[in-house]
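Written below as structure tokens is the structure these notes are about.
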Amino acid sequence: MIKPCWYYTYVLKCQKTSTFYTGCTSNLKQRLKQHQKGEVYSTKYKLPVELIYFEGCLDKADAFRRERYLKTGMGKRYLKNRMKKGLTEG
């Protein structure tokens, strides 16, 4: 039996700027550690960051497609409706 390989689309809340970062990875724990250590340029100056949402996909292309969608106006509206409290409370 072949073990499935998961890819994750995730959203971070940057506490310093109250902005959001959406990304995609095959190793969510490792990627989150990289963000928290300031090793990712996009979030380096916005620390601390908090993981507020993630989804798993079996296909890498699907995960990246989902990332692109969540960055659109419709995707942001989806997240807002899905996470009423998570996007507003700190």
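Most mobile of GLU50, GLU67, GLU39 per a Gaussian network model of the chain (Cα springs, under 10 Å)?
GLU39
Under 20 Å between alpha carbons, and skipping anything fewer than 8 positions from LYS80 in its own chain: which aspartates and glutamates qualify?
Correct list for LYS80: GLU50, GLU55, GLU67, GLU89.
What does the helix-only formula give at 222 nm for the chain: each DSSP H stretch with n ≥ 4 adding -39500 (n - 2.57), the total divided by the residues, and the result rounded to the nearest 500 deg cm²/dmol?
Only helices count here, giving -10000 deg cm²/dmol.
How many lysine pairs in segment 10-64, separated by 8 or more positions in sequence or lying on different chains, have Cα atoms less than 13 Å apart? Walk me through the numbers before you get to the answer.
On the way: LYS13/LYS44; LYS13/LYS46; LYS16/LYS44; LYS16/LYS46; LYS29/LYS37; LYS33/LYS44; LYS37/LYS46.
Lysine pairs satisfying the spacing and distance rule in segment 10-64 number 7.
Given 10 Å bins starting at zero, what is the percent of C-alpha pairs of segment 7-82 in each, up to the one with the largest pair distance?
Spelled out per bin, shortest first, that is 20, 52, 28, 1.
Based on Cβ point charges of +1 for Lys and Arg and -1 for Asp and Glu, what charge dipole magnitude is obtained for the chain about its Cα centre, in debye rounded to the nearest 20? Kindly include the intermediate steps, with their values, before the conclusion.
Numbers: 20 positive and 7 negative charges, 40 e Å.
Using Cβ point charges on Lys, Arg, Asp and Glu, the chain gives about 200 debye.
How would SER18, SER26 line up from fewest to most surrounding beta-carbon atoms within 10 angstrom?
The fewest-first ordering by Cβ neighbours comes to SER18, SER26.
Compute the FRET efficiency between LYS33 and ARG65 as 1/(1 + (r/R0)^6), taking r as their Cβ-Cβ distance and R0 = 30 Å, and round to the nearest 0.05. Write out the running numbers ahead of the final one.
Working: r = 25 Å, r/R0 = 0.85.
Plugging the Cβ-Cβ distance into 1/(1 + (r/R0)^6) gives 0.75.
Just so you know, all these numbers are worked out from the coordinates, no wet-lab data involved. Note that this is a predicted model, so its numbers are computed, not measured. All Cβ positions, even for glycine, are placed from backbone atoms using ideal geometry, and neighbour counts span all protein chains on display.
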